[in-house]
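Every read-out reported here was derived from the displayed coordinates using simple, explicitly stated rules and does not represent laboratory data. Bear in mind that the values here come from a model prediction, so they are computed numbers and not experimental data. Here Cβ is always computed from backbone atoms with ideal geometry, including for glycine, and neighbour counts include all displayed protein chains.
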Amino acid sequence: MVEVRDVVKQYGSLKALDRVSFDVRDGEKVVIIGPSGSGKSTLLRSLNRLEQIDGGRIIVDGIDLYDPRTDINKLREEVGMVFQSFNLFPHKTVLENITLAQLVVRKRTKREAADKAMTLLRKVGLADKADAYPGKLSGGQQQRVAIARSLAMDPKLMLFDEPTSALDPEMIGEVLDVMKSLAREGMTMVVVTHEMGFAREVADRVIFMDYGKIVEEGTPEHFFTSPTHDRTRLFLSQIL
Ligand code: ADP
Ligand code: MG
């Protein structure tokens, strides 16, 4: 589903990504962890071509992202992304937030888009909030709406960049539960998170990044019980 090869991204003299390579297979869940500034967000944004890269290549579902001939809008329709900040449209209701792109991009009828939105709202436990405005919802509820909005486009790949980092502790679980059920349904997912319980439970593979490089990559079992690198051990000792 995803093939990342020798990707380099520079901000001036800073190498935010330094020859990063990895693959994600169809249906696989990959969790990326690492200290602040290690390049996690830059990497995730590159997978959706929200960044220009300075070297290497990225193929998503057979589409070469950095080939100038690639229709980037087509690609973005296949890849959903959920950020730390929920980015809902404040002056649109929850239902409108979830139907808008379906109407404009997918050209669905109002009826189809609303049906799909309601199905997804039920799935994230918010069917009763369809007519509410985002400002009336808790952070956890807003993030669940943001996930539903992404799913409405029927993405083949979902990217999550610290989706629970901006939430009060009591709301983290409800968002992780939605992500876990998505994982169980077989969605291909790349998740940047500091939630180590989630990584242990859901990840097929954990990638640890530092200074723009992949330092260590392995199963959660390997990662949490017998990491190879000192840098990984130090990081784990600081957060666990
Ligand atoms: P992470 O998500 O792991 O915290 P980022 O990918 O956000 O790390 O950042 C990686 C490095 O690139 C950091 O040193 C950060 O300061 C730098 N960086 C990120 N975005 C920009 C930007 N737009 N301009 C300059 N430097 C940036
Ligand atoms: Mg980040």
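Yes or no, residue by residue, for (1) under 25 Å from Ala203 (Cα atoms); (2) charged (D, E, K, R):
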{"residue": "Lys9", "(1), (2)": "no, yes"}
{"residue": "Gly12", "(1), (2)": "no, no"}
{"residue": "Val20", "(1), (2)": "yes, no"}
{"residue": "Glu28", "(1), (2)": "yes, yes"}
{"residue": "Val31", "(1), (2)": "yes, no"}
{"residue": "Gly34", "(1), (2)": "yes, no"}
{"residue": "Leu47", "(1), (2)": "yes, no"}
{"residue": "Asp54", "(1), (2)": "no, yes"}
{"residue": "Val60", "(1), (2)": "yes, no"}
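Among the residues of the stretch 175-198, those that are away from ligand 1 (no atom under 15 Å from the Cβ) and out of contact with any Leu (no Cβ under 9 Å at 6 or more places or on another chain) comprise Leu176, Asp177, Val178, Met179, Lys180, Ser181, Ala183, Arg184, Glu185, Gly186.
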